[in-house]
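Quick notes on the structure that follows.
The values are calculated or read from the model by the stated rules, or taken from the named source; none is laboratory data. Please read these numbers as outputs of a predicted model, since none were measured by experiment. Cβ coordinates were reconstructed from backbone atoms using ideal geometry, including for glycine residues, and neighbour counts include every protein chain displayed.
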Amino acid sequence: MDTVTQCPSLKPKDYKSGTKPVWCPGCGDYSVLLAITKAMAEMSLSPENVALVSGIGCSSRLPAYLNVYGFHAVHGRALPVATGLKVSRPDLTVLAAGGDGDGFSIGGNHFMHACRRNVDMTYIVMDNQVYGMTKGQASPTTDPDWDKSKLTPGGTKINPYYPLVIALASGANFIARASSTDPNGAAKVLVDAMRHPGFSFVHMLSPCVTFRPEQKDWKKMVRSAPVEPTTDPAIAAKRLMTDDNFFLGTLYKGDRPAYQPELKATVDNISELDKGFIL
Amino acid sequence: MNASNSLSKADLLARTLTMLSETVERYDLFADQMDVVNNPEAATLFRWLSEKQGSRTQVVKKLSEGLTLPHISPWDYDWDDAINTEVPGHSSAHYMMTPYHTLSLAIDVEQSAARLFSEIEQTAQTDETKKLAHGFAREASEFRDYLEHKRSEHPLPEKDWDEDYDPPQLLE
């Protein structure tokens with residue numbers, strides 16, 4: 001990203017707002033918050049030049065905990081808001097964040113088209129395969145046999161959504177996976193994502209210790225992908241289709257130019273603006 | 001943090017400072033979490049642990065005076081839940097944890113730190129680094145012993161300590 005303003009003296013904690021998170025103890029989202037602040041500090045970003053837009057859900061509380069501009073948007077609508085912000089203020093570093101339900105179900109359509117538009121921003125989806133805020137219902141990424149919710153007795157019996165495959169097919173320019181069990185590794189992925197031009201998608205595994213306590217085992221299951229990032233979508237497609245959901249790292253780095261419409265001149269006079277609304 | 005045989009005194013101090021600072025922040029965070037879930041015993045212990053680590057951080061800062069410490073990127077070290085516990089992982093906390101668990105977590109931290117510094121001591125190339133690592137290892141071991149003694153004052157948790165009779169799950 002070439003519009004970054006550097007602020008070398010800030011430490012990760014300087015990017016925190018001071019508002020205490022209310023996530024459950026043990027929640028993976030604490031690590032994601034840490035990874036984001038570490039990435040921002042490493043990139044020496046000035047907080048006033050960064051904006052984070054979220055949807056609704058546990059993980060979407062993120063903007064309140066950061067000392068950058070934030071917008072807690074409508075459910076599933078973080079991406080359209082972030083897209084509008086980035087195209088009108090291309091000088092900002094724009095991040096969007098949310099959970100798997102917010103991003104892949106309620107906001108599923110926006111996800112595909114944000115990948116397709118390829119606006120220069122980074123989208124972090126904290127995936128815990130459950131709707132946590134509403135007390136534990138199956139989400140699009142839940143395994144078909146997960147039967148702990150009374151709403152889906154015997155499991156959903158529906159194939160889960162494969163966000164990385166969808167992202168590639170829809171045109172995302174950067175696709176990576178990170179894990180809250182490794183916040184330092186996640187910080188590296190986030191730095192790479194923010195520096196890569198175009199739409200960067202980071203699939204962040206973030207266990208829900210309350211409704212999916214078995215996900216604590218993810219820390220034993222995640223591992224670095226034994227491959228270098230590819231720029232070839234065909235290779236990436238094969239890689240992502242055979243992925244077991246626990247390979248970490250940057251898996252695809254495309255070279256499509258980011259979409260940035262030409263900005264119209266700013267209106268100096270309010271009466272000039274009014275003319276546009278006269279019927 | 002990986003032991004490395006090429007650590008200079010400044011490298012070791014930089015890594016130790018980063019490690020201790022993160023541990024202080026993590027204990028503070030855990031204390032805040034325990035306040036939120038109304039677990040005052042664990043919250044108080046985490047605050048005490050944070051103060052202890054804060055004092056050690058000040059000592060290391062003092063030792064670093066006059067030195068230019070190298071910048072360490074987060075990915076230059078690999079303490080995390082899965083590999084090391086020199087800094088307690090976020091997933092170590094549980095809303096029903098007892099003082100016994102809290103102290104056990106801190107004992108793991110000190111044990112891991114002592115082991116790491118001993119490794120650094122054994123592989124260090126200079127006497128200066130060796131001596132410093134030896135001191136840090138001894139300090140971590142002594143604090144671990146103290147924590148073990150303190151933990152012995154608390155009862156062993158029941159087998160079903162995390163059984164919540166008013167669980168957050170939607171059951172109806």
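Restricting attention to segment A:169-201, the residues that are under 15 Å from the mean Cα position of the chain (by Cα) and either on the phi > 0 side of the Ramachandran plot or not in a loop (DSSP other than H, G, I, E, B) (or both) total 21. Look at A:ASP127 and say whether it is more than 14 Å from chain B (Cβ to nearest Cβ) and either buried (at least 21 other Cβ atoms within 10 Å of the Cβ) or not polar (S, T, N, Q) (or both). So A:ASP127 fits the description; yes. If the condition is being part of a helix (DSSP H, G or I), away from chain B (no Cβ under 14 Å) and not basic (Lys, Arg), then segment A:202-248 contributes A:PRO233, A:ALA234, A:ILE235, A:ALA236, A:ALA237, A:LEU240, A:MET241.
Determine if segment B:87-95 includes at least one residue that is away from chain A (no Cβ under 14 Å) and either touching a helix residue (DSSP H, G or I) at 6+ places or on another chain (Cβ under 9 Å) or closer than 29 Å to A:PRO183 by Cα (or both). Walk me through how you get there before you give the answer.
Of segment B:87-95, the ones away from chain A (no Cβ under 14 Å) are none.
No - not one qualifying residue is present in segment B:87-95.
Only a single item in (1) at pLDDT below 85; (2) in contact with a Lys or Arg (Cβ under 9 Å, 6 or more places away or on another chain); (3) buried (at least 21 other Cβ atoms within 10 Å of the Cβ); (4) not aliphatic (A, V, I, L, M) is not met by B:ASP76, and it is number (3). Screening A:ILE175 on (1) closer than 22 Å to A:TYR123 by Cβ; (2) surrounded by fewer than 24 Cβ atoms within 10 Å (Cβ to Cβ) shows it passes everything except condition (2). Going through (1) under 30 Å from B:SER91 (Cα atoms); (2) exposed (fewer than 14 other Cβ atoms within 10 Å of the Cβ); (3) touching a residue at least 12 places away in the same chain (Cβ under 8 Å) one by one, A:THR231 falls short only on (1). Which members of segment A:13-31 meet the condition of being more than 7 Å from chain B (Cβ to nearest Cβ) and over 16 Å from A:ARG212 (Cβ atoms)? Scanning segment A:13-31 gives A:ASP14, A:TYR15, A:LYS16, A:SER17, A:GLY18, A:THR19, A:PRO21. Summed over segment A:133-153, residues that are over 19 Å from A:VAL209 (Cβ atoms) and at the interface with another protein chain (Cβ under 8 Å from one of its Cβ atoms) total 1.
For segment B:145-159, check the following and say yes or no: at least one residue is among the aliphatic types (A, V, I, L, M), closer than 27 Å to A:THR181 by Cβ and at pLDDT 95 or above. Walk me through it before giving the result.
Looking only at segment B:145-159, we keep the residues that are among the aliphatic types (A, V, I, L, M), and these are B:147, B:156.
Remaining after also requiring closer than 27 Å to A:THR181 by Cβ: B:147.
Okay, now just the ones that are also at pLDDT 95 or above, so B:147.
Yes, segment B:145-159 contains at least one residue that is among the aliphatic types (A, V, I, L, M), closer than 27 Å to A:THR181 by Cβ and at pLDDT 95 or above.
Condition check for B:GLU22 on (1) within 30 Å of A:VAL22 (Cβ to Cβ); (2) part of a loop (DSSP other than H, G, I, E, B): one failure, at (2). Across segment B:4-21, the number of residues qualifying as buried (at least 20 other Cβ atoms within 10 Å of the Cβ) and facing chain A (nearest Cβ under 9 Å) comes to 0.
Figure legend. Inter-residue proximity from segment B:95-118: first residues in contact (Cβ under 8 Å) with a residue 12 or more places away in the chain and closer than 14 Å to B:PRO40 by Cα, second residues buried (at least 20 other Cβ atoms within 10 Å of the Cβ) and of a type in the set (A, V, I, L, M, F, W, C), beta-carbon distance below 6 Å, spacing 6+ or different chains. Indicated pairs: B:MET97/B:ALA42; B:PRO99/B:LEU45; B:THR102/B:ALA42; B:THR102/B:LEU45.
Just to be sure before I move on: is A:ASP274 farther than 28 Å from B:HIS90 by Cβ, modelled with pLDDT under 95 and either touching a helix residue (DSSP H, G or I) at 6+ places or on another chain (Cβ under 9 Å) or of a type outside the set (Lys, Arg) (or both) in the structure I sent? Before you say what the answer is, go through the steps one by one.
Details: farther than 28 Å from B:HIS90 by Cβ: yes; modelled with pLDDT under 95: yes; either touching a helix residue (DSSP H, G or I) at 6+ places or on another chain (Cβ under 9 Å) or of a type outside the set (Lys, Arg) (or both): yes.
For A:ASP274, the condition - farther than 28 Å from B:HIS90 by Cβ, modelled with pLDDT under 95 and either touching a helix residue (DSSP H, G or I) at 6+ places or on another chain (Cβ under 9 Å) or of a type outside the set (Lys, Arg) (or both) - is met.
Checking each residue in segment B:79-115 for being part of a helix (DSSP H, G or I) and at pLDDT below 90 picks out B:HIS90, B:SER91, B:SER92. Every listed requirement among (1) surrounded by 15 or more Cβ atoms within 10 Å (Cβ to Cβ); (2) part of a helix (DSSP H, G or I); (3) in contact (Cβ under 8 Å) with a residue 60 or more places away in the chain is met by B:ALA137 save one, (3). Quick one: in segment B:30-40, of everything that is in a helix (DSSP H, G or I) and without any contact (Cβ under 8 Å) to a residue 60 or more places away in the chain, which residue is surrounded by the fewest Cβ atoms within 10 Å (Cβ to Cβ)? Ranking the qualifying residues of segment B:30-40, first place goes to B:PRO40.
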